[in-house]
Every structure is written in structure tokens, then in C-alpha cells.
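The values are calculated or read from the model by the stated rules, or taken from the named source; none is laboratory data. Here the structure is a predicted model, which means the values were calculated and not measured. All Cβ positions, even for glycine, are placed from backbone atoms using ideal geometry, and neighbour counts span all protein chains on display. Remember, those area values only see protein heavy atoms, side chains included, never the ligands or the DNA or RNA. Shrake-Rupley method; radii C 1.70, N 1.55, O 1.52, S 1.80 Å.
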Amino acid sequence: MTRLLFKLHEILVKLSWFWEPRHKNKGKSNYSICIVTYCKRFDANFKPLIKQLASLYNDTEIIVGVNGFHDQEVQKKYLQKFKEFIGFYHNIIWFSFDTGQSISKMWNQCSQRSTNQWMIILNDDVLLAKSFKKSIDQIELKKNTIHILNSSWSHFLISKEVFSNVGWFDERFPGVGNEDWDYEIRAILAKTNIDMVKTRSIVNLVVKTKDFSYSSSEKIINLKYSSSNWDFFKKKWSIRNDFEEGYLRTRFPQIPYVKLNTGMETPNFYK
């Protein structure tokens, strides 16, 4: 999608809240909604997203993981504002850390708190159309399957069954980035299905990271990801550009073929 088409799509999604009829909320959904956020996304991204979700899902469990921040004074003030804002929503449960945690740990923690078998995990920098709930509810949730929206791990549906089969997201990735590649590869190796679902009801804004939650000095790669996560991925997986026996083909151009390195199996973080 070109930049012009992307902006047009973003505008249409925003306008959907003005011209599309509201889809009747039929009560609780059979999935929880999980979001991980931190102080730098509060006003511009998190608050608008929660307002949209509150309009669409007024009786569905929403779980928010509030990540920490390396500046404790900033974190303290942020948590005060967060508590004031979130207190207006009766169906939101949340947890927090004072210091920055990996996105893998935050996703794992969200999944543990879910009272539903299925969860839809959303980045905090996404924009929803008014038709979002309707489009998600039309997805046939299949056993032992991860449903990835628009081919991006910024928004995906996953179940406790999948966690049981594949394992947890690898918390040895210290920050953000490449843990999704790792999980998709492990899912394929565990014979778990990957279902790509196209929908126009969500826009991934891809907000560029300028200050990570866990470090003020972390190097940024590929616009918004942690260089330390990429370093760990290369330590965990051997990467080749062409096929060799024992290597798995991936859909990611940056890592055409991969093989798990000896001794790098993913631990069971929550027994």
C-alpha cells in the first residue's frame, strides 16, 4: 500500500465513526482484548484507542499491561494520570511494572490474566473503524491456530491452547521486536496453524519509537525496534539466505531460512 493510499485508508477509518451505523453490542465477546502500553503513548495513542474500544466493547474483558519506564519520576506521574483515566471504565483490568519489561513478558502476563480461552492482542498504536468488532466476530476461530490481522503481529488472535502447544513468548528478548518472528517460527515447528486475515477495520499507525521503556540508550533499528532483540534473535537462530537441510523457510525476507541453535530452546517461564 503506497503512502497516499495508507493515508486515505486512515482517513476513511476515522470517518467511519461519523457515518457508519453503530453495530449493536450483543454483550460479552468470547475473547478478551489485551493491550500493552507505556507512558510515551498515553495521550496520543492509548487514550483514543480505549475510547474506541469502550464504544464497541462495553461488556467485554479488556486487559491492559502498563509497562514501566527507566525514569521513575516520569513513571510515577504517568501512573497517577493513568489511574484517573482508566477508572471510568468498568470492564478494564490492568497491571503495571515500575521498570521497563520486554513485550514478550507483557504479552505473557496479559494472557495469564485472561478469563477467556481466546485473546485479541493489539498494539497501542492502532486505529479502529466502527466496524472493527463486527469484522472480528466474523472470524472463525479455529483450533490450534493463530489468526494474524493484515499479516502483522501488531494485531492477532491467540488462544490458551496455542500457548500450551507452542509455549510462551520468549522473555529472553529484552525489548521490542523479532519476538514475533521467533514465535511464528516456533508455531510452525509445533504444527500450529498460521491464518492471515485481511480486514480494513484497523490501521497500524506504526508510531516510531524515540525512547524505550527500559533504557534511554537502547539503539533503535527498523524505525521502532530494539537492536538488542535483533542481537538475541541472531544468537538463538542460525540464518541462511538459501536452503540447507534442517533449515525452515520463513515468510520474512530478512530471515529466509532459519534453524534453532543448540541449547537455545525456549524455557517454560510459567510452570
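A few notes on this one:
Results for (1) modelled with pLDDT of 80 or more; (2) within 19 Å of residue 171 (Cα to Cα), shown as yes or no for each residue.
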position	(1), (2)
206	yes, no
210	no, no
222	no, no
230	yes, yes
236	yes, yes
246	yes, no
263	yes, yes
266	yes, yes
270	yes, yes
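- Just so you know, in the stretch 146-202 the residues that are of a type in the set (A, V, I, L, M) and not in a strand (DSSP E or B) include one that is farthest from residue 235 (Cα to Cα), and it is 162.
- Residue satisfying all of: in the stretch 120-141; closer than 18 Å to residue 195 by Cβ and of a type in the set (D, E, K, R); least open to solvent (accessible area, probe 1.4 Å) among these: 137
- For the stretch 3-16, the criterion of a residue being over 25 Å from residue 137 (Cβ atoms), at pLDDT below 80 and among the aromatic types (Phe, Trp, Tyr) is satisfied by at least one position.
- Filtered residues of the stretch 32-59 (kept if under 16 Å from the mean Cα position of the chain (by Cα) and of a type in the set (S, T, N, Q)): 32, 37, 45
- Among the residues of the stretch 73-87, not a single one is more than 25 Å from residue 145 (Cα to Cα) and within 18 Å of the chain's Cα centre (by Cα).
- Selection from the stretch 49-79 of residues that are part of a helix (DSSP H, G or I), more than 18 Å from residue 118 (Cα to Cα) and either free of Cβ contacts under 8 Å to residues at least 24 places away in the same chain or open to solvent by less than 50 Å² (accessible area, probe 1.4 Å) (or both): 49, 50, 51, 52, 54, 55, 73, 75, 76, 77, 78, 79
- Some residue of the stretch 178-193 being hydroxyl-bearing (Ser, Thr, Tyr), in contact (Cβ under 8 Å) with a residue 60 or more places away in the chain and surrounded by 14 or more Cβ atoms within 10 Å (Cβ to Cβ): no
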